[in-house]
1. Return yes when B:L146 is open to solvent by less than 50 Å² (accessible area, probe 1.4 Å), part of a helix (DSSP H, G or I) and either out of contact with any Lys or Arg (no Cβ under 9 Å at 6 or more places or on another chain) or closer than 20 Å to A:Y73 by Cβ (or both) and no when it is not.
2. Give the residue that is farthest from B:Y109 (Cα to Cα), with candidates limited to residues of segment B:149-171 that are buried (at least 20 other Cβ atoms within 10 Å of the Cβ) and out of contact with any Phe, Trp or Tyr (no Cβ under 7 Å at 6 or more places or on another chain).
3. All but one of (1) under 20 Å from A:S67 (Cα atoms); (2) open to solvent by 10 Å² or more (accessible area, probe 1.4 Å) hold for A:L160; which doesn't?
4. For segment A:142-180, give me each residue that is within 14 Å of another protein chain (Cβ to nearest Cβ) and in a loop (DSSP other than H, G, I, E, B).
5. Considering only segment B:3-38, state which residues are open to solvent by 70 Å² or more (accessible area, probe 1.4 Å) and either of a type in the set (D, E) or without any contact (Cβ under 8 Å) to a residue 40 or more places away in the chain (or both).
6. Can you find even one residue in segment A:64-73 that is on the phi > 0 side of the Ramachandran plot and not small (G, A, S)?
7. Out of the residues in segment A:52-75 meeting the condition of being over 16 Å from A:L15 (Cβ atoms) and open to solvent by 40 Å² or more (accessible area, probe 1.4 Å), tell me which one is modelled with the highest pLDDT.
8. Do we find a residue being of a type outside the set (D, E, K, R) and farther than 21 Å from A:S11 by Cα anywhere in segment A:110-131?
Amino acid sequence: MTIRLIGYSASYPTLRVIICLKELGLPYELEPPASYQSLKDEDFIANKHPFGKMPVLFDGDFRITESRAICRYLASKYQGKHNDIILIPKDVHKAGLVDQFISYELSYYDPPLSKLVYQEKFAKKFFNKDPDPEIIKQAHEELAKVLDVYEKLLEGKEYLNGEYSLADLVLCPGTNYVYGAGHSDLWDNRPNVKNWWSRLCNRDANKKSFEEIKSFWENN
Amino acid sequence: MTIRLIGYSFSGIVMRVIICLKELCIPYELDPPASYKSLKDEDYIANKHPFGKIPVLFDGDFKITESRAICRYLASKYQGKHNDTILIPNNIHKARLVDQFISYELSYYDPPLSKLIYQEKVIKSLNRDQDPEVIKQAHEELAKVLDVFEKLLEGKEYLNGEYSLADLFLCPSTYYVYDAGHSDLWDNRPNVKKWWNRLYNRDAVKKSFEDTKSFWESNPKF
């Protein structure tokens, strides 16, 4: 039975799962909800996501929510089955460090990034609100400090934990949005970060996923 | 070699790791930093935590940071070795549902809870004025989250059926806020109330809370 993914490909938590599915060579069906509002319907809350969010993934009868948990599930169950890509190392120490880097993404990288994604991509188009220059400036500065740390973390490494892993994957969608929205200097002005982002952009799964999103934005 | 944990026992975030170590019966040494300011020293940032935070755990030469990542590591490596306590199920589906509930804790439960901790514990101890509007909003936000948890816990003793990391992670912050005048949030919801009582009465949790209580009694204005 094919995996069913409920979400919008333009929403970057959903895009995380899409990239993960592509990395692992897994077929899936994308099922966009009727509208953002429909996520708050009683039926969605009872049978899909108790907090009215996406993405939601069905693997046969098994249902799981929350993008990073979904990715961990897909990696645990399917990595190495369709191709050689390993997203969570088998070694307990390496896996622990991948978890650590996922936590850095959650705690430090994503907060300013998600503010910029909202302001630059979604505020006007979807919510008819003008972007707030003060928020953009603060978030840009906060992300600059985080990327200074990443510059050191990536010294002598191709990816955050040495080899490509979930820790790199989880930050690709949001980065793609913000990089393309006038903040590319944040990554391009730091040599290790720049090389790392280039490598990530050139991965097939990312390239394909970013292409699909590009056409979404061009048509909307 | 004994595990070394850098942090303060009264920090809710460090307490997650302490409860985890106690649950798994792993001996450890607690190494409190000189001060919160020392976390921003060059040496600390270079050799302990690149963002200048606690906790940091050393298992021999292996260093790992970030409380939830540390607990996942300890569970993966040591669960079942010293006792029967399982914090991450071996079955893939159950294990990843634990990850899902951990994400609910992170995304929905923790944000309003952290605001309340800041207002009720940190601001008070700094002798500054609390903001009643922030407290009211955070209380209401947490009430809505606990309405969802009330349903999630229907027919279950713990979030994923059996006790797991998903329950453990929210113990320290819950303890602080419950004790600071917001106990109605948990006590007014039958499933949530029973679940919190179960958690509160676990040996590892009780012991960790007692250690913290005596800290606050000796240092009310830390």
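1. On the way: open to solvent by less than 50 Å² (accessible area, probe 1.4 Å): yes; part of a helix (DSSP H, G or I): yes; either out of contact with any Lys or Arg (no Cβ under 9 Å at 6 or more places or on another chain) or closer than 20 Å to A:Y73 by Cβ (or both): no.
Spelling it out, it is not the case that B:L146 is open to solvent by less than 50 Å² (accessible area, probe 1.4 Å), part of a helix (DSSP H, G or I) and either out of contact with any Lys or Arg (no Cβ under 9 Å at 6 or more places or on another chain) or closer than 20 Å to A:Y73 by Cβ (or both).
2. Here the answer is B:L165.
3. (2)
4. Correct list: A:L154, A:E155, A:K157, A:L160, A:S165, A:V170.
5. B:P27, B:E29, B:P32, B:A34, B:Y36, B:K37
6. The first filter runs over segment A:64-73 and keeps only residues on the phi > 0 side of the Ramachandran plot, leaving A:66.
Keeping just the survivors that are not small (G, A, S) gives A:66.
Yes, because at least one residue in segment A:64-73 is on the phi > 0 side of the Ramachandran plot and not small (G, A, S).
7. Start the filter on segment A:52-75 by keeping residues that are over 16 Å from A:L15 (Cβ atoms), which leaves A:52, A:58-64, A:72-73, A:75.
Add one more test, that the residue is open to solvent by 40 Å² or more (accessible area, probe 1.4 Å), and what stays is A:61, A:63.
Working: A:D61: 94, A:R63: 97.
Here the answer is A:R63.
8. Going through segment A:110-131, the residues of a type outside the set (D, E, K, R) turn out to be A:111-114, A:116-119, A:122-123, A:126-128, A:131.
Pick out the ones that are also farther than 21 Å from A:S11 by Cα and you get none.
No, every residue in segment A:110-131 fails to be of a type outside the set (D, E, K, R) and farther than 21 Å from A:S11 by Cα.
The values are calculated or read from the model by the stated rules, or taken from the named source; none is laboratory data. This structure is a prediction, so every number in the text was calculated from the model and none was measured. When we count neighbours, we look across all protein chains shown, and the Cβ atoms used for this are built from the backbone with ideal geometry, even at glycine. To get the accessible areas, we keep the full protein, side chains included, count just its heavy atoms, and leave off ligands, DNA and RNA. Shrake-Rupley method; radii C 1.70, N 1.55, O 1.52, S 1.80 Å.
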